[in-house]
1. Hey, if you drop one equal point scatterer on each alpha-carbon of segment 164-214 and run the Debye formula without solvent, what base-10 log of I(q)/I(0) do you get at q = 0.14, 0.29 Å⁻¹?
2. Which of rounded, prolate or oblate describes segment 1-147 when judged by the alpha-carbon gyration tensor and an a/c cut-off of 1.5?
3. Using the C-alpha atoms of the chain, what convex hull volume per residue, in cubic angstrom, is computed?
4. Springs between alpha-carbon atoms under 10 Å, Gaussian network over the chain: tell me which of 94, 134, 116 tops the mean-square fluctuations.
5. Go ahead and set up a Gaussian network model of the chain, Cα springs under 10 Å, then flag whichever of 29, 297, 332 fluctuates most.
6. According to the square roots a ≥ b ≥ c of the eigenvalues of the Cα gyration tensor, what is the shape class of segment 273-324, taking rounded for a/c under 1.5, prolate for a/b larger than b/c otherwise, and oblate for the remainder?
7. Taking every DSSP beta bridge with both residues inside the chain, roughly what % is antiparallel (nearest 5)?
8. Straight-line reach from residue 156: which lysines fall under 26 Å, measuring Cα to Cα and dropping same-chain residues less than 8 apart?
Amino acid sequence: MNVLVTGGAGYIGSHACQRLLRSGHTVVALDNLVRGHREPMKLLGADDPSVPLTFVEGSVGDGGLVAGVLDEHAIDTVMHFAALAYVGESVTDPVRYYRENVRAGVALVDACVASPRVERFVFSSSCATYGDPPEGMVPVPETCPQTPTSPYGRTKLMMEHVLKDVAHACGLEGRAFRVAMLRYFNVAGSDRTGVLGEDHTPETHLIPVAIQAALGKRDHVSIFGTDYPTDDGTCVRDYVHVEDLIDAHVCALERVDPGVHAYNVGIGRGYSVREVLESVKRVSGVDIEIREGPRRAGDAVALYADPSRIHAELGWRASITGLDEIVRTAWAWMSANPDGYRGG
Ligand SMILES: NC(=O)c1ccc[n+]([C@@H]2O[C@H](COP(=O)([O-])OP(=O)(O)OC[C@H]3O[C@@H](n4cnc5c(N)ncnc54)[C@H](O)[C@@H]3O)[C@@H](O)[C@H]2O)c1
């Protein structure tokens, strides 16, 4: 396949590029580098003419640029990772989120539909589209009501609606447009060969934040709320290893039927904040300082996936479900690259 990977210079997108290259596909990564890094593109061989990876710097919202890329590289498949993805920032700067995630996303879809070769489209959606699931809906199935509690979650849900309508219209015209909307839970860990890693600035995800504390890059880690109705009083989340997540994309590319399909991608069980911090302590051997604080507005008590639909329909199941195993891959890259990609 000739695959366009938007957001290819970011954390998950770069892992997708690596996996697609290993499987023999030709890859074009499009990224405006607002949050991504040039370094993973170099590490994957974008500067080497013998490697079928091209890096294009630009926005998915630039319709002319995208149309040119689709045409020049005969793209038949699109993996759309590009987005702004901080819940808190989306609350304080919602217009930027609607502009980058929705307006630019629609421009990308528009160019894809105008290009007759594009047949498969995989979209990075999020469990944030579910908001706080009602009682009895955890583990969360795809049929859970989608009532996002942040502008970020709403931008992802809006793109789901856009894709549903576009796939429907393509079906009316007799065009086979295959769309998979993958609702990720918390993505964690890194490439097990140690080349790629997670480098967000600022970092807000719990595992890398705790590892930064173990590396002495922060003086403590805060727990927001210790009085939740869970076994140890802290919130519970589903952590899926990034390479398993990418495998789910590959299953979607290879097996999804024409039309639009939504799948949860998670391991199907939750780990509490305290369990994650204990795991980071075990793996790193460092006794990180933990400060307990009050609950944070908007945090759901427990959010973990019911991944049975993707297993039944696409045959995907997470291969790594142990927290220490996920944390070990993250620790390996971050301890070898304490300044992230900026450290070279
Ligand atoms: N990391 C997670 O746990 C998680 C969970 C659920 C969903 N997601 C979704 O997965 C996707 C990838 O997340 P990530 O963690 O790799 O984030 P990331 O910030 O590392 O990667 C996103 C990439 O998109 C690029 N980008 C942003 N706007 C762009 C635009 N208009 N045009 C071109 N490039 C643009 C950024 O520069 C960045 O490289 C996002 O869509 C995110 O919403 C991530």
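1. Evaluating at q = 0.14, 0.29 Å⁻¹ gives log10 I(q)/I(0) of -0.60, -1.16.
2. Prolate is the answer for segment 1-147, as a/c is 1.5 or above and a/b outweighs b/c.
3. So the per-residue hull volume is 124 Å³.
4. Highest fluctuation among the options: 134.
5. Between 29, 297, 332, it is 297 that shows the largest mean-square fluctuation.
6. The shape class here is oblate.
7. Antiparallel bridges: around 5 percent, rounded to the nearest 5.
8. Of all the lysines, those that pass the test against residue 156 - Cα under 26 Å, at least 8 places apart if same chain - are 164.
The numbers here are math on the coordinates, done by the rules we state, and not lab data. Predicted model only: the values in this text are computed from it and were never measured. Note: ideal-geometry Cβ built from the backbone for every residue, glycine included; neighbour counts use all protein chains shown.
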